[in-house]
1. So in region 151-187, with the set limited to residues that are in a strand (DSSP E or B) and of a type in the set (Ser, Thr, Tyr), which one is modelled with the lowest pLDDT?
2. Can you name the number of the only condition in (1) of a type outside the set (Val, Ile, Thr); (2) open to solvent by 30 Å² or more (accessible area, probe 1.4 Å); (3) in a loop (DSSP other than H, G, I, E, B); (4) modelled with pLDDT under 85 that His90 fails?
3. Among Ala143, Ala125, which is the only one that is open to solvent by less than 10 Å² (accessible area, probe 1.4 Å), in a strand (DSSP E or B) and of a type in the set (A, V, I, L, M, F, W, C)?
4. Tally up the residues in region 130-144 that are closer than 14 Å to Phe110 by Cα and in contact with a strand residue (DSSP E or B) (Cβ under 7 Å, 6 or more places away or on another chain), please.
5. Take the residues in region 161-217 that are at positive phi and over 14 Å from the mean Cα position of the chain (by Cα), then tell me which one is surrounded by the most Cβ atoms within 10 Å (Cβ to Cβ).
6. Please pick out the residue among Thr95, Thr81 that is modelled with pLDDT of 95 or more and polar (S, T, N, Q).
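The values are calculated or read from the model by the stated rules, or taken from the named source; none is laboratory data. All of these numbers come straight from a predicted model, not from anything done at the bench. Note that each Cβ is placed from the backbone with ideal geometry, even for glycine, and that neighbours are counted across all protein chains shown. We work out accessible area using only protein heavy atoms, side chains counted, and drop any ligands, DNA or RNA first. Shrake-Rupley method; radii C 1.70, N 1.55, O 1.52, S 1.80 Å.
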Amino acid sequence: PIPGGSRAAGDLDAQLLAGKRASPVPGPDRARRRPIARWTFDDVAQTPDVEGDHDMATIPHSSAKLRVPDAATRSQGDCATSSAIAVPPHRFAITGSVSLSLGTGPFTLFEKRSPGGPGFAIEIAPDDGDLHIELKSSDGRFARFDVDDDGPMAFWAFVVDVDEPYILRYSPSAGAATVNWPSRMSDEPPSWGPPGTVHLGCTVPAIGDVVVYDEIAIWDRTIGGAELVAMATRYQRIAQSLPPPRTRADAVAELGR
């Protein structure tokens, strides 16, 4: 745990270090490294990568979040990055604020596609108060998790490590932080594989199911508990201080002036 950090951050790192195969918590030097790509969805017309060149074409969205399905059209448009993203195949993380309202599922939360090579995906299915989450490579390697569904909105870190993948989940409103280890895994953990384009919101969920993304980032390293809590706290503070976001109606009105 980082000295002076919150109790939630300390609890999360304590749980992480108590795992079957302890993964190192990034030190101060590692913690300062920025993500490979990050999307904030603050613009209704385009989704730039605020860290680099991996801009994303997405379905129309408003309220500075990516909502699937789109409330107005209930149909999906383009939803992929403009260029391929590369990370170490066996050591990477995907973080972000994700709100899940799933009645049936399954839903493909995240997908990396590599023509001619194995892909990587995160799939989620609800089951009587639990979320069954699977990190998987298209070559058959996987890690399955059973996570309590204790609220729709949380900040997540889906982490693939050399030894064993894990999932961190922090709910700022509930102050609840958990580390989740696989309940079942293939002989080898899933892998990112070769560089590929990232797809978000391409799957239309079942009628009534809604998934909302915000502040999604991809990292070329693992993520510790204190880092995740810091991300969530910063995100919540910024969200509360921002003025009401522009909507598509605002954009149309401005074009007509």
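1. Our first condition is that a residue be in a strand (DSSP E or B); within region 151-187, this holds for 153-160, 166-171, 176-180, 184-185.
Now narrow it down to the ones that are of a type in the set (Ser, Thr, Tyr): 166, 170-171, 178.
Working: Tyr166: 93, Tyr170: 88, Ser171: 81, Thr178: 84.
My answer is Ser171.
2. So His90 meets the others, but not (4).
3. Working: Ala125 fails: open to solvent by less than 10 Å² (accessible area, probe 1.4 Å).
None of the other options fit; the residue is Ala143.
4. As a first pass, look at region 130-144 and keep what is closer than 14 Å to Phe110 by Cα: 133-138.
Filter once more, so that each one left must be in contact with a strand residue (DSSP E or B) (Cβ under 7 Å, 6 or more places away or on another chain): 133-137.
Result for region 130-144: 5.
5. Let us first name the residues in region 161-217 that are at positive phi, namely 175, 193, 201, 208, 215.
Restricting the remaining residues to those that are over 14 Å from the mean Cα position of the chain (by Cα) gives 175, 193, 208.
On the way: Gly175: 12, Gly193: 20, Gly208: 9.
Taking the candidates together, the pick is Gly193.
6. Values: Thr81 fails: modelled with pLDDT of 95 or more.
So the residue among Thr95, Thr81 that is modelled with pLDDT of 95 or more and polar (S, T, N, Q) is Thr95.
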